[in-house]
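These notes concern the structure reproduced below.
The values are calculated or read from the model by the stated rules, or taken from the named source; none is laboratory data. This one's a predicted model, so the numbers in the text were calculated from it and none came from an experiment. As a convention, Cβ positions derive from the backbone with ideal geometry for all residues, glycine included, and neighbour counts pool all protein chains shown. Ligands, DNA and RNA are excluded from the accessible area calculation, which covers all protein heavy atoms including side chains. Shrake-Rupley method; radii C 1.70, N 1.55, O 1.52, S 1.80 Å.
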Amino acid sequence: MRRRSLLIAVPAGLATLAACGDSDDSGSSGSASESPSTDASATSAAPPPKIVDGPLPAITAGTKFDEKPTVAKGSGEPSKDLAVKTVIAGGGKAVAENDFISAHYLGQIWQSAKVFDNSYDRKTPLIIQLAQGSIIDGWRYALTGKKTGSRVQFSVPPTWGYGEQGSEQAGIKGDDTLVFVVDVQDTFNAKSSAQGRKVAQDDAALPKVGTNTDGKAPSIEVPKADAPKKLVAEYVLEGDGAEVGAQDTVLVQYKGVLWDGGKEFDSTYGRKQLTSFSLQQVVKGWAQGLTGKKVGSRVLIVIPPDLGYGDSPPEGSGIEKDSTLVFSVDILAKM
């Protein structure tokens, strides 16, 4: 299992997508990690920090964006405030609080320069929400307002890090100030859409999905025909990102309607909030339909009852027994 990085409290996946009776959460987005997890109770009560320019230790090697940096040991006493410096100014989208970001990063301890975690060696960026309780507060305050393409260095005192308890697992003591270098690659929010190329929707027996990329919910037009008996998973917009694996966790926008009548029963667009989930924890039709599809794509999935909820739909979901479900899914990122 791929090692998951620090700071995470698992973003909740939508209840109506959960596989019924699946109590094994080993594939969740908070999968097994040698890195510390955030204890939200330790940081949520802290007042907003004062943000200052320094001091910050020098980056002595790996000075380009997306290169693994080498950072010197801190000199003297670190600031009691949040010291933040934009080392490389990007020209992309501005990050807002509660956005999900994709970023490479390195974290080390001020006093010793001991690196306790980094994503560069894993060759996989971290994707995490800048939300209270999801990540240490120092990240939220340091990165909000920064633009994609930026390298940001900052130091985090215990108040906005792991608190007085520190993190024994990571070797972080309760009085340690942490130093991070973060390369902000991308940001996602409720207005994000897949941006792939349009794929012809020629089969009159299948639903037609809108191809808008403005962050609004796409239309889904269900034909007046019998529902397919087998799973359908077709590109509407084909992205050029990495393929999704059967054990991956994905960040998505989606909309679900019933084949019979076309009534919407679930949507991230309506909640104005993205969701993430492991393909090991959703109904089989979702897992099979998204496996092998590329990040950046919009996918039409038609799920027959035997790969959906069958005769046990979630209570209060508006889904009748033995319903065929139709989804439009935008795969924004792999987590």
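Per-structure values
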| quantity | calculated |
| --- | --- |
| Only listed residue being touching a residue at least 40 places away in the same chain (Cβ under 8 Å), charged (D, E, K, R), surrounded by fewer than 20 Cβ atoms within 10 Å (Cβ to Cβ) and touching a Lys or Arg at 6+ places or on another chain (Cβ under 6 Å), chosen from Glu234, Glu243 | Glu243 |
| Residue match in region 131-153 (condition: open to solvent by less than 20 Å² (accessible area, probe 1.4 Å), closer than 29 Å to Asn212 by Cα and of a type in the set (A, V, I, L, M)) | yes |
| Subset of region 320-335 that is closer than 19 Å to Ile127 by Cα and either touching a Ser or Thr at 6+ places or on another chain (Cβ under 8 Å) or free of Cβ contacts under 8 Å to residues at least 24 places away in the same chain (or both) - its residue that is surrounded by the fewest Cβ atoms within 10 Å (Cβ to Cβ) | Lys334 |
| Criterion (crowded, with 23+ Cβ neighbours inside 10 Å and of a type outside the set (Asp, Glu)) met by exactly one of Ser312, Ser297, Ser317 | Ser297 |
| Selected residue (criterion: surrounded by the most Cβ atoms within 10 Å (Cβ to Cβ)) from residues of region 83-123 that are more than 25 Å from the chain's Cα centre (by Cα) and not in a loop (DSSP other than H, G, I, E, B) | Ala83 |
| Residue match in region 229-239 (condition: farther than 22 Å from Ile319 by Cβ and in a loop (DSSP other than H, G, I, E, B)) | yes |
| Phe265 being of a type in the set (Phe, Trp, Tyr) and under 22 Å from Gly196 (Cβ atoms) | no |
| Output for region 259-289, where each listed residue is open to solvent by 20 Å² or more (accessible area, probe 1.4 Å) and closer than 19 Å to Lys208 by Cα | Asp260, Gly261, Gly262, Lys263, Glu264, Phe265, Tyr269 |
| Filter result for Ala170 (modelled with pLDDT under 95, over 30 Å from Val329 (Cβ atoms) and hydrophobic (A, V, I, L, M, F, W, C)) | yes |
